[in-house]
1. Could you state how much accessible area Trp415 has, in square angstrom rounded to the nearest 10, with a 1.4 Å probe and all protein chains kept in place?
2. Can you tell me the length gained on complete extension of the stretch Thr145 to Arg567, counting 0.36 nm per residue apart and subtracting the Cα distance?
3. With an 8 Å cut-off on Cα pairs and a minimum separation of 6 or more residues, tell me the relative contact order of region 504-617 in percent.
4. Could you work out what % of the accessible surface of region 361-450 is carbon and sulfur, using a 1.4 angstrom probe and leaving DNA, RNA and ligands out of the count?
5. What lysines does Lys588 reach when the alpha-carbon gap must be under 22 Å and sequence neighbours fewer than 8 apart in one chain are set aside?
6. Once the whole set of protein chains is in place, how much accessible area is left on Tyr195, using a 1.4 Å probe, in Å² to the nearest 10?
7. Any chance you could list the semi-axes, whole Å, largest first, of the equivalent ellipsoid that the Cα gyration tensor gives for region 405-505, using √(5λ)?
8. So for each of 455-463, 320-328, 36-44 I average, over its residues, the number of other beta carbons within 10 Å; can you give me the resulting order with the highest mean first?
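The values are calculated or read from the model by the stated rules, or taken from the named source; none is laboratory data. As the structure is a prediction and not an experimental result, all values here were calculated from the model. Cβ sites come from the backbone with ideal geometry, for glycine too, and all protein chains shown count toward neighbours. To get the accessible areas, we keep the full protein, side chains included, count just its heavy atoms, and leave off ligands, DNA and RNA. Shrake-Rupley method; radii C 1.70, N 1.55, O 1.52, S 1.80 Å.
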Amino acid sequence: MLTTAAYAADKPLDATGHWSVTARGNAPLPPMGWNSWNAFNSDVDETKLMAAAQALVDTGLARLGYRYVDIDDGWWLRRRTTDNRLMIRTANFPSARTVDEAGSFRPLTNRLHAMGLKAGIYSDIGRNSCGQAYTSQFANQPEGTVAEREVGLYGHIEQDIALFLGEWNFDLVKVDGCGIRAMSAENPLVASGRYRELRPLIDYETLPNNDVATVRVLYQQVADAMHRTRPANDYVFSLCLWGAADVRSWAGKVGNMSRTSEDISPNWERMLHNLDAASRRELYAHPNSWNDADMLFVGSGEFDMDHMVEARSHMTLWAMLNSPLIIGFDMRKATPALVSVLGNPHVVALNQDKAGNQAVLAYDGETVQIFVKTLADGTKAVALFNRSGSPVDVKLTAAHLKYRVDRSIALTDLWDGGRSSFQGETPVHLDRHQTLLFKAVGVREHPQGLYLSEQPGSVNPAVDGIVHPMADPLVHRGLLPWRSTRGDGEHPLYGGWGGARADATPFAQTPKMAGKTYPSSIGILANSRLEIRNNGFATFSALAGVDDATADLAAQVRFSVHVDGKRMFQSAWMKRGQQPVPIKVPIKGARIVELVAEGDHPVMQDIPVNWAMAALDW
Ligand code: GLA
């Protein structure tokens, strides 16, 4: 088995002069739309789908950007073994009926396109689907022999992708991963002969068991097939690996959106879980490749219209995270109140802001979190989020916003339009589960440019120094409704602990060097390379050094800055406790700046370093 460490061998620290986030596919902004799964699970049909599409148009949500109408699990009947063509469950999709029994979705995608919408479809990277693996009691499972029920992409990538994006003309394909996770010989469904064995490449609970390299190769094959079918790049590749297989470290190079966690459910605890898996991944979301915190449950369960506070929180947080906004509600039942939450133009505009900066955690607590998102015009949006079940009084400060303490800061409440202003700090009352969301305009602390931590959408940890993926312990582990307290609880699951962070160290501490803390920083591990897109700036500056949290006093790190592939600065070897080295490099006219922190040993798992106060200046 190829381990991640083996894979890391072909991720050199050498500067490339290249922005490595995929240029294929088309998602300059987080995709928005509707998907059948949260509303209907696999019980999807044409009537329900077209009703959702019509509602998106009639309510004005389509005009706001909700354009993708995605069919999830449940559309397929079988794979025809004579020519391996996938057959549609035409009993549920009458417009797909053709002379050939296999059917065609082309009439359906034509109708959606004529309505000004886009169309999405669902598959699995293995031989079998998630429904077959986990929810076989749900409707519309594939039928027939073992071979006919192998509806996934495994062994059919080229043919199926050509069918989805070519012949059927879909605009988005979501590719799930249950077929490479669940079909071990021990699975009773396999042992009984119902499905063929496929050695699991993903072990959700045990990170070192994941065959990261092979999983990545499979998804890359899909990406390549998509590009061959649609060289104009007018499609979206949606990865659904739920944060497994170290997908954090490679999704940006392969697809346009990537799930960060297991499935959301319509309850508060699960929303926290999905939020947490994405909220500390701010440097792993970029234009054309976004963190997908999963589909919205606004309208259902603990986010229904009797829970307006919770519904708004869920919507606000997904918008601030730049998560794709994919509605998961039966739109035939949508009330004006629901539409007003999903369709708040100010909130949607944050998600669709063209700078593509995921919000950064300015304050990170179990009870309260403060998220700040720098917008394309240099102003900020700030969300103050009460995770807890009790009201709480907190403070919003100028420092959270990186605005000057001695100047007035104007706030506009993006939910109720209320205006106020403050200087220095202001008290804020949050009801239980409430999120207050403001547009904040003030005088920037760093007016001559932008800190890197204010532009995470332009900072890409191409190599983040993680050798052995470790589970992120900061993800909320709630009471799973289907499990209650049976067993010993849910454990940390998602690799990524130690990943690069804005305004924090990789292990969620305050950046600190030689005894001094730094409020603005990019924290990353040694043996890393960051790519930065230069959007018209003239100078790069930073204070680079080894973080005081480093336990290994002997470890040495050397910092270098490369401009369009050419080395322009290199520090001496540095150790913990030393003063950071000041760096100033001209970058005028350059496209890419790369920041390399090279360790004196090729395997260093726990040496956090800081590019403190790192900024691009005009
Ligand atoms: C997985 C995915 C969900 C949904 C179901 C369909 O659980 O994570 O989003 O697509 O499969 O079976």
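1. Result for Trp415: roughly 40 Å² accessible.
2. 145.9 nm
3. Worked out over region 504-617, it gives 42 percent.
4. 49 percent
5. Lys566
6. For Tyr195, solvent-accessible area is about 10 Å².
7. Semi-axes from the Cα gyration tensor: 35, 25, 10 Å.
8. Numbers: 455-463: 24.7, 320-328: 26.9, 36-44: 21.7.
My ranking of the peptides, most packed first, is 320-328, 455-463, 36-44.
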